[in-house]
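Data first, discussion second: the structure below is written as structure tokens.
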């Protein structure tokens with residue numbers, strides 16, 4: 001006697017079993033174990049089974065060279081100034097510069113933007129965030145004059161102020177403006193074998209009163225053949241901190257800075 | 001007793017795995033891309049006019065400078081600037097010449113700066129000679145034996161835009177002893193703005 005049956009999942013199960021049986025029935029036990037191990041390895045691959053354990057960032061100190069991607073970077077100091085050449089802050093802000101000696105140790109030129117990606121803006125020290133595109137047309141008479149809230153842990157903030165129940169999205173900090181201290185120009189290309197003394201410059205709120213900044217240098221990895229695009233052979237910044245440390249801020253030296261900009 | 005089936009044997013498995021491995025090895029290690037990617041290199045010297053099919057190119061002068069001075073700024077070299085004056089004459093149609101780089105004896109590559117009026121590319125109408133100046137910041141040990149590579153395809157890390165196209169590679173003619181002399185000299189160069197080349201530089205008097 002035949003019974004009506006639901007063919008959906010049962011059919012899939014029977015087909016799967018038949019396929020497995022077709023392959024496995026004629027295998028020896030050793031072969032079955034081998035196939036099982038390979039299948040298990042393949043099955044866990046998409047879930048990060050082979051990813052390296054996240055490495056701890058190495059310490060970053062002023063005066064000590066570190067290697068990241070094609071660069072050897074020696075952070076010299078951090079300094080503040082009312083303005084740096086053509087970079088003039090909004091009222092209530094100043095400019096923060098991280099001075100570094102950077103050598104391209106590779107064999108091909110690297111765009112200076114890659115250096116900016118490797119050394120992102122320090123967080124929680126009042127760096128003025130990028131203005132969102134939708135705010136560019138709006139009036140900006142509030143705050144520090146830019147219409148944006150500085151990324152700062154303000155020690156003088158009202159402690160009684162209750163935090164917003166829905167925390168606003170963290171504003172994106174800008175990439176550094178990179179200036180060649182030797183001549184005050186903005187280098188686009190960093191050629192191999194040359195050491196450039198550069199300043200990575202951000203606009204910072206006057207509300208920040210600390211004497212050190214936390215600086216991070218991100219990992220760069222070489223892409224020989226890109227799987228995601230037609231571009232090959234380039235350095236790709238990773239979301240992984242390679243070096244981190246506290247860099248002391250030196251007092252501003254307007255005369256010296258101005259002289260450096262004139263050279 | 002079952003019929004119509006073949007047992008999976010170690011021998012058969014080894015044959016299949018071996019064939020796949022051999023295929024992967026062939027694809028990986030055979031230089032199959034060379035024939036597809038390699039540009040047509042046209043070699044020459046400073047002062048020689050090279051035919052690249054899409055243009056005629058003449059490197060007219062090579063200088064070295066510590067400082068470049070332009071209309072509104074001055075640029076100081078990290079090493080020294082190699083200033084290459086060149087004249088392009090497009091022969092087929094309006095052409096952009098996007099590739100410019102120096103290669104040293106170690107195989108290191110250097111790209112030009114766009115500071116102080118130096119060019120990183122050029123664009124020319126057919127029938128006219130277009131003068132342009134490239135300025136490369138290079139270290140001391142890159143001078144001797146360096147060559148400049150100029151083409152319509154842009155320079156990139158893998159020269160992707162120059163595949164199967166004519167590319168000029170010109171000896172700069174800097175010997176080791178000359179390199180020392182050039183490095184020690186303190187020179188300032190004011191790069192000329194790009195423009196129509198005079199007849200003396202192979203142009204049509206502009």
Next on the checklist: Per DSSP helix of 4 or more residues, -39500 (n - 2.57); summed, then divided by the residues of chain B. What does that give at 222 nm, rounded to the nearest 500?
Outcome noted: -5000 deg cm²/dmol
Next on the checklist: Quick check on region B:35-201: take the gyration tensor over C-alpha atoms, sort the square-rooted eigenvalues as a ≥ b ≥ c, and tell me if it's rounded (a/c under 1.5), prolate or oblate.
Outcome noted: oblate
Checklist entry - If one takes the longest principal axis of the Cα atoms in chain B, at what angle in degrees, from 0 to 90 and to the nearest 10, does the Cα axis of helix B:10-29 lie? => result 10
Next on the checklist: If I model a spin label at residue A:87 and residue A:28 as a point 7 Å from the Cα along the Cα→Cβ vector, what separation in nanometres do I get?
Outcome noted: 7.0
Checklist entry - Measuring from a point 7 Å past the Cα of residue B:140 along Cα-to-C-beta, which residues in region A:171-214 have an amide N at less than 15 Å? => result A:193-195
Checklist entry - Hey, got the average number of other protein chain Cβ atoms within 10 angstrom for residues in B:156-162? => result 4
Checklist entry - For the residue pair residue B:123 and residue A:250, what label-to-label distance in nm results when each label sits 7 Å from Cα along the Cα-to-beta-carbon direction? => result 4.4
Checklist entry - Taking only C-alpha pairs under 8 Å that are 6+ residues apart, what is the relative contact order of region B:35-201 in percent? => result 29
Checklist entry - So how far, in whole Å, is the C-alpha centre of region B:132-165 from the one of region A:65-83? => result 29
Checklist entry - Quick one: Cα centre-to-centre distance for region A:202-254 and region B:78-110, in angstrom? => result 32
Checklist entry - Using the beta-carbon distance between residue B:10 and residue B:114 and R0 = 56 Å, what value does 1/(1 + (r/R0)^6) give for FRET efficiency, to the nearest 0.05? => result 0.30
Checklist entry - Does a label point 7 Å from the Cα of residue B:91, set along Cα-to-beta-carbon, have any residues of region B:155-195 with amide nitrogen under 16 Å, and which are they? => result B:165-169
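No lab work stands behind these numbers, since they all come straight from the coordinates. What you see is a predicted model, and the numbers here were worked out from it, not measured in a lab. Here the Cβ is made from the backbone with ideal geometry for all residues, glycine too, and neighbour counts use every protein chain on show.
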